[in-house]
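Below you'll find the structure, written out as structure tokens, and then a few comments.
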Amino acid sequence: MTVKTLAIASDHGGVELKSAIIDALKERGIEVFDLGTNGSASVDYPDYAQAVAKSIVDGKAEAGILVCGSGIGMSIAANRFPEVRAALVHDRLSAELCRLHNNANVLCLGARLLGDATALDCVDAFISTDFEGGRHEGRIAKMS
Ligand code: RB5
């Protein structure tokens with residue numbers, strides 16, 4: 001995916017990993033919209049998932065990344081939007097597959113489950129892998 005604009009958000013469980021991801025994305029020349037949260041105060045992950053999903057629906061960002069403790073809540077909340085295909089991944093291969101087969105446009109990560117190196121490897125795979133198309137096109141069309 002040749003992504004130029006990306007929206008990112010986390011709840012309180014993912015603030016530090018979010019910062020590391022933002023640094024890595026900016027180093028690659030990607031314009032990043034940080035939609036929060038930016039402190040340790042407890043917040044509700046649906047609010048942040050919805051902010052990233054809306055930025056994709058509105059065309060402000062081409063892709064999104066969501067981080068919470070497990071990544072589970074973020075993925076459930078983001079997938080309420082028909083335009084969003086959010087994938088919760090745990091390693092590089094699952095991050096590659098969510099692009100190759102599912103054309104995922106939002107990557108969800110669990111900051112309490114992944115080390116930073118693995119999470120950043122997932123991000124690298126997500127932004128550098130193209131959708132395979134072909135037989136996967138019709139399957140994706142059935143979800144929209
Ligand atoms: C917050 O404590 C935690 O529930 C949240 O980060 C996430 O793991 C939810 O799915």
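For the range 2-144, with all protein chains present and a 1.4 Å probe, just round the carbon and sulfur fraction of the accessible area to a whole percent.
49 percent
How large is ³J(HN,Hα), in whole Hz, for each residue of the range 79-89 in order, when computed from phi with the Karplus curve 6.51 cos²θ - 1.76 cosθ + 1.60 and θ = phi - 60°, using x for Gly and Pro?
Computed from phi, the couplings for the range 79-89 are 6, 6, 9, x, 7, 9, 10, 9, 10, 8, 10 Hz.
If contacts are Cα pairs under 8 angstrom and at least 6 residues apart, what is the relative contact order of the chain in percent?
Relative contact order here is 25 percent.
When Lys and Arg each count +1 and Asp and Glu each count -1, what net charge do the other residues less than 15 Å away from GLY39, Cβ to Cβ, add up to?
Charge balance near GLY39 sits at -4.
Could you please report the charge total around ALA20, scoring K, R as +1 and D, E as -1 over all other residues with beta-carbon less than 14 angstrom from its beta-carbon?
Net of charged neighbours comes to -4.
So which GluC sites (Glu not before Pro) in the range 71-139 end up in coil per DSSP with only 14 or fewer other C-beta atoms within 10 Å?
GLU83, GLU132
Looking at LEU97, TYR48, SER70, which one has the Cα that reaches farthest to the positive end of the dipole of the chain (charges on Cβ: Lys, Arg +1; Asp, Glu -1)?
Most positive-ward Cα: LEU97.
Could you give the length gained by full extension between ILE76 and ASP91, i.e. 0.36 nm per residue of separation minus their alpha carbon distance, to one decimal place?
This chain segment gains 3.5 nm when fully extended.
Could you pull out the pairs from LYS60/LYS142; LYS18/LYS54; LYS26/LYS60 whose alpha carbons sit more than 23 Å apart here?
Going by Cα-Cα distance, LYS60/LYS142 fall outside the 23 Å limit.
As a test of the formula, what do you get for the chain when each DSSP H run with n ≥ 4 contributes -39,500 (n - 2.57) and the sum is divided by the residue count, at 222 nm and rounded to the nearest 500 deg cm²/dmol?
After summing the helix terms and dividing by residue count, I get -13000 deg cm²/dmol.
The values are calculated or read from the model by the stated rules, or taken from the named source; none is laboratory data. Note that the structure is a prediction, hence the values are computed from the model and not measured. So basically every Cβ, Gly included, is an ideal-geometry build from the backbone, and we count neighbours across all protein chains shown. With ligands, DNA and RNA removed, areas are computed over all heavy atoms of the protein, side chains included. Shrake-Rupley method; radii C 1.70, N 1.55, O 1.52, S 1.80 Å.
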